[in-house]
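Throughout, read-outs are computed from the coordinates displayed, never taken from laboratory work. Note that this is a predicted model, so its numbers are computed, not measured. Because the Cβ atoms are built from the backbone with ideal geometry, glycine has one as well, and the counts that use them run over all protein chains shown.
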Amino acid sequence: MTPEDHAAAAESLFAAEITGQQIGLLSILYPDMTLDDAYAVQRALVDKKKGIGRRIIGWKIGLTSRAMQDALGIDTPDSGVLFDDMLFETGATIAQGRFIQPRIEAEIAFFMKSELTGASTYQQVLDATDYVCPALEILDTRVLRADPETGVARKIVDTVSDNAANAGVVLGAQKHFPNAADMRWAGAIVKRNGVVEETGLGAGVLDDPVTSMVWLTERLESYGMTIRAGDIVLSGSFIRPIEARSGHDFYADFGSFGDVRLCFA
């Protein structure tokens, strides 16, 4: 892809989010598209959002579980950017029409007190973290999940271009010191309208959510970027995505780690 192609793809994704009308698969439009191309499209999309006044507040890590990687035929996570208009507190109600095809995932959020300027070790991640808390991520897709003519499913380059399917983050109120919590055992029971839909443990995220953070520092270093002091980082889901529709009420019970609530009007 050329820089002009990257810009055109970013423009179409930007328009899709504003209009609520999904676009076709970029992987079909650009059959030779690489992961580097996809991150270039994502950067162009981020620049467009910054251009209308949106502020970056952190990062999300996705595709950290073996099940999700197998579904897309990959062996690596992906990452996207969090913006200030994506942030919700527990108990929030999402207005109708805010998202196109939202889904919910449970994970652990890291709040950073100092910058990680390059590829970092496990301990360096812990030392740079102010606290961790339970969270729900809202996924959305500005790209069709499958091509309507061929039935071919979207690929990793489609989701990465689309800011890693990032749409929102809902934060729980409980805060934990990172060195005091074994996040491998921080699990969640996630209910939709009172029915248990998914359960999982932090170990589903690359064996340890901190390991996921280490991966992000390595990826960002390769693209000349960093995790800044004050950033929020979603470390990756340890459940499968749950469809969210109007009238759905979600409750994620993380046990002693806390809880998170979310409702769709």
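May I ask for the net charge around Ser222, where only other residues with Cβ less than 14 Å from the Cβ of Ser222 are counted and Lys, Arg are +1 while Asp, Glu are -1?
After counting each charged neighbour, the total is -2.
What are the residues whose amide H is under 5 Å from the amide H of Gly168, where those residues sit 5 or more places off or on another chain and H is modelled from the backbone?
Ile138
For Ile104, what charge total do you get from the other residues with a beta carbon under 12 Å from its beta carbon, if Lys and Arg give +1 and Asp and Glu give -1?
Around Ile104, the charge tally is -2.
Give a residue-ordered list of calculated ³J(HN,Hα) values for segment 39-44 (Karplus: 6.51 cos²θ - 1.76 cosθ + 1.60, θ = phi - 60°; whole Hz; x for Gly, Pro).
5, 5, 4, 4, 4, 5
What's the tally of Lys pairs in the chain whose alpha-carbon atoms lie under 20 angstrom apart, where the two lysines are 8 or more places apart or on different chains?
The number of close lysine pairs in the chain is 7.
Regarding segment 193-265, what whole-number volume in Å³ per residue does the convex hull of its Cα atoms give?
Convex hull volume per residue, Cα atoms: 138 Å³.
Can you tell me how segment 68-143 classifies by the Cα gyration tensor, rounded, prolate or oblate, using a/c under 1.5 as the rounded cut?
Verdict is oblate for segment 68-143.
Just subtract the alpha-carbon distance of Ala153 and Val196 from 0.36 nm times their residue separation and send over the number in nm, one decimal.
Roughly 12.7 nm would be gained on extension.
Which residues' amide hydrogens lie under 5 Å from the amide hydrogen of Leu82, considering only partners 5 or more residues apart or on another chain, with H built in the peptide plane?
Residues meeting the criterion, in which the H sits 1.01 Å from N, are Ile57, Gly58, Trp59, Lys60.
Expressed as a rounded percentage, what relative contact order does the chain have, with Cα pairs under 8 Å and six or more residues apart?
That works out to 27 percent.
Below 12 angstrom from the Cβ of Leu171, what's the summed charge of the other residues (Lys, Arg +1; Asp, Glu -1)?
-2
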